[in-house]
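Notes follow the structure.
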Amino acid sequence: MSEFIYHDDNDGTNLIFEMANISPQAHKFGVNLKMHILQPGDRQMPHGPRVKFFRHVPGDGFSISLNQDVSKIGIVAGVSSKIATVSDVNKLIDCVKKYRIPLLNMWSYSGMSQDELLEEMAEINAGKTVRLRSPE
């Protein structure tokens, strides 16, 4: 589920961020793209919460912002037309809106596993309320 990547910062130090790559079979959004979400590391990210969708490597995809307010969720980086149809992009945005609280929890809480994310998504599917966790 998780891998470690090194972020080369301008001061010459290597900082580690944990990331989760979630397969289309796991997230079940109905679009054959992997989902990538960073989790807290040793440093603030240069952008707000977001998830990236990609086919092969994170660099070939696009990012959708995460926010409690669904009106603030949309594409914020990348070019979606290279790997997805307009219909698929709209489906992904709708899924991110639906599952925004579990995704925000994953973004904010380094101890959260992919299984916990999928459990929270299943709770939403069952009509249950999922609460936003306090950031670390």
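Observations
- Condition check for Ser80: among the hydroxyl-bearing types (Ser, Thr, Tyr), surrounded by 14 or more Cβ atoms within 10 Å (Cβ to Cβ) and more than 14 Å from His27 (Cβ to Cβ): yes
- Enumeration of residues in region 58-105 that are in contact (Cβ under 8 Å) with a residue 40 or more places away in the chain and either outside any helix (DSSP H, G or I) or in contact with a Cys (Cβ under 7 Å, 6 or more places away or on another chain) (or both): Leu66, Gln68, Ile83, Ala84
- Identity of the residue in region 83-104, of a type in the set (A, V, I, L, M) and under 19 Å from Asn32 (Cα atoms), that ends up surrounded by the most Cβ atoms within 10 Å (Cβ to Cβ): Leu103
- Going through (1) within 11 Å of the chain's Cα centre (by Cα); (2) at pLDDT 90 or above; (3) not polar (S, T, N, Q) one by one, Pro49 falls short only on (2).
- Test: Asn125 is free of Cβ contacts under 8 Å to residues at least 40 places away in the same chain and either loosely packed, with under 14 Cβ neighbours inside 10 Å or on the phi > 0 side of the Ramachandran plot (or both): yes
The values are calculated or read from the model by the stated rules, or taken from the named source; none is laboratory data. Small disclaimer: the values here were computed from a predicted structure and weren't measured. No Cβ is skipped: glycine too gets one built from the backbone with ideal geometry, and neighbour counts run over all protein chains shown.
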